[in-house]
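In what follows, a structure is listed as structure tokens, so that the remarks can point back to it.
The values are calculated or read from the model by the stated rules, or taken from the named source; none is laboratory data. Computed from a predicted model, the values in this text were never measured in an experiment. Here the Cβ positions follow ideal geometry from the backbone for every residue, glycine too, while neighbour counts run over all protein chains shown. These accessible areas exclude ligands, DNA and RNA; they are computed on the full protein's heavy atoms, side chains included. Shrake-Rupley method; radii C 1.70, N 1.55, O 1.52, S 1.80 Å.
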Amino acid sequence: MPTMDLGKLTRLALFLPLILSFHFKISESSAHIYPSQPFHDVGNSLLLYGGSEGIFASSRSFIRFENITLWRTNDLQRKGRNGLVQAVIFEASDRNSIGGSAYGGQRSICCTPDLAKLQGCKQGEIIRIPSARDPNWPILLRARFKGKTLSAKMEDTEIRIKKTGMYNLLFISCDSKLKGLKMTGKTVWKNPEGYLPGRMAPLMKFYVYMSFAYLLLSALWFFQYLRFRKDILQLQHCITVVIVLGLLEMVFWYLDYANFNNTGKRPLALTTWVVTIGAFRKTVSRILILCVSMGFGVVKSTLGGLTSKVLLVGVTYFVASEMLDIAENVGIIDDVSGRAKLFLVLPDAFLDAFLILWIFTSLSRTLEQLQVYFKATDPFNERWQTGWTITAFWDVIAFVLLCIICYLWTPSQNSQRYAYSGEVDEENEEVQSLTGGNHDGDISLVKLEKDSGSDTEEDIEEDKRE
């Protein structure tokens, strides 16, 4: 493995999560908190997005409204006008039950004079068509401004979920004169087994199984590691680090999810450090695979002039991965990701592709086609119950690859009996990688006595790739 400045890397790992954590508050369950959030103009309505989550049907599943208060401007208060604000909860399959269109025109959320004549809706309110499965759905809740009151409070209530699905909450006012409207309060979304959102709930059990898998791998690896500790290679030390980091990551993810599920809260410090361990593990794993692929530990004792470049890519990937994971796991949890996260996904995805795309070419193309297919055929996340498998898939792949590397590099009494053929000094290596000079040679691994004359054709091909 290339020589690292562990001091700098450690300081980065310690301070980056601390710096990022100042921008987030503790996430309360599937609680969606509205700290004086403004409404926005959408078509002929004022709208505030309240949240979206997958919920499993049960007598214990609910969406609860707590202290939802609407605030209008002082000017509107002085005018003393009445005004209506509505909350609508609907399952994704009932999305067409909200709104309507007159004469095949643009779809409207609020009832207009034309729609009132055509559909019999009440002008100035949300258009609601009763669901075929349950006439009480979608659910509508109301809050009214009366006289010169500055605020209007929505009744605290608890909506029971009787059908498994992706549920959405919108706060809407069809009164355009209520511009400047804001809202405070929160809603709590609960699944049968706890406060974890539906997409995240299966991951808690998954992390238990992965913890046991890593524990078993650790036992097998450390048995061999201690047995042949005098013949350990530097590469095998690096594999040990990856195994330890993987075990810690799985255990702490389970603890984080279990705490989240039981209490409805995610302590900022715990979640941030779990994310940091995960980002560091992913970085070390990718750098390890990259180094092995370059021939480190197989045909080379060092990476020569490429060491600094590999380290630079590794540190950059760690920062990008850390920022993305912080954005996804610290803060309010929604099953529908915000568009703003795209700006964090892009650099992380680019670096990931740069590091491992050549290893996973066929697999990456297949996954990309599947992801495009799901996005094209499921824009409303109606397949949310299987969405967790995408997260789980990469953890399984990383674990399987680590098992393969462990099998190939199991510590043994022969670890130190091999040297690296094709040893060239750093200067010549750089020249060869640029010029692709021709050499002839034999196998990549030879015994400790130095074979002073030859490189293999594989060496040359590796140099060309570098």
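Here are a few things to note about the model shown:
- When the residues of region 37-51 are filtered to those that are surrounded by fewer than 21 Cβ atoms within 10 Å (Cβ to Cβ) and assigned to a strand (DSSP E or B), the one that is modelled with the lowest pLDDT is 42.
- Any strands (runs of 3 or more DSSP E) falling wholly within region 135-187 and containing at least 2 residues that are basic (Lys, Arg): 139-145
- Residue in region 123-143 that is open to solvent by less than 20 Å² (accessible area, probe 1.4 Å) and touching a Lys or Arg at 6+ places or on another chain (Cβ under 7 Å) present: yes
- Region 299-338, subset hydroxyl-bearing (Ser, Thr, Tyr) and touching a strand residue (DSSP E or B) at 6+ places or on another chain (Cβ under 9 Å), residue modelled with the lowest pLDDT: 301
- For region 253-275, the tally of residues that are open to solvent by 10 Å² or more (accessible area, probe 1.4 Å) and closer than 30 Å to residue 312 by Cα stands at 5.
- Given (1) farther than 25 Å from residue 109 by Cα; (2) touching a strand residue (DSSP E or B) at 6+ places or on another chain (Cβ under 7 Å); (3) of a type outside the set (Asp, Glu), index of the condition residue 206 fails: (2)
- For region 148-164, the count of residues that are open to solvent by less than 30 Å² (accessible area, probe 1.4 Å), of a type in the set (A, V, I, L, M, F, W, C) and under 32 Å from the mean Cα position of the chain (by Cα) is at least one.
- Taking region 197-230 as the range and being over 18 Å from residue 410 (Cα atoms) and part of a helix (DSSP H, G or I) as the test, the residues that pass are 201, 202, 203, 204, 205, 206, 207, 208, 209, 210, 211, 212.
- Check on residue 101, open to solvent by less than 20 Å² (accessible area, probe 1.4 Å) and among the polar types (S, T, N, Q): no
- Residue in region 98-119 that is modelled with the highest pLDDT, counting only those that are closer than 17 Å to residue 170 by Cβ, outside any loop (DSSP other than H, G, I, E, B) and in contact with a Lys or Arg (Cβ under 8 Å, 6 or more places away or on another chain): 98
- The single condition among (1) modelled with pLDDT of 90 or more; (2) touching a Phe, Trp or Tyr at 6+ places or on another chain (Cβ under 7 Å); (3) open to solvent by 60 Å² or more (accessible area, probe 1.4 Å) that residue 95 does not meet is (1).
- Among the residues examined, residue 119 does not qualify as surrounded by fewer than 13 Cβ atoms within 10 Å (Cβ to Cβ) and polar (S, T, N, Q).
- Which numbered condition residue 122 misses (of (1) in a loop (DSSP other than H, G, I, E, B); (2) touching a residue at least 24 places away in the same chain (Cβ under 8 Å); (3) touching a Cys at 6+ places or on another chain (Cβ under 9 Å)): (2)
- Residue count, region 207-235 (criterion: over 25 Å from residue 276 (Cβ atoms) and either surrounded by 14 or more Cβ atoms within 10 Å (Cβ to Cβ) or of a type in the set (Ser, Thr, Tyr) (or both)): 7
- Residue 66 vs. criteria under 34 Å from the mean Cα position of the chain (by Cα), open to solvent by 10 Å² or more (accessible area, probe 1.4 Å) and among the charged types (D, E, K, R): yes
- The set of residues in region 231-266 being in a helix (DSSP H, G or I), touching a residue at least 40 places away in the same chain (Cβ under 8 Å) and farther than 21 Å from residue 329 by Cβ consists of 231, 234, 235, 236, 237, 238, 239, 241, 242, 243.
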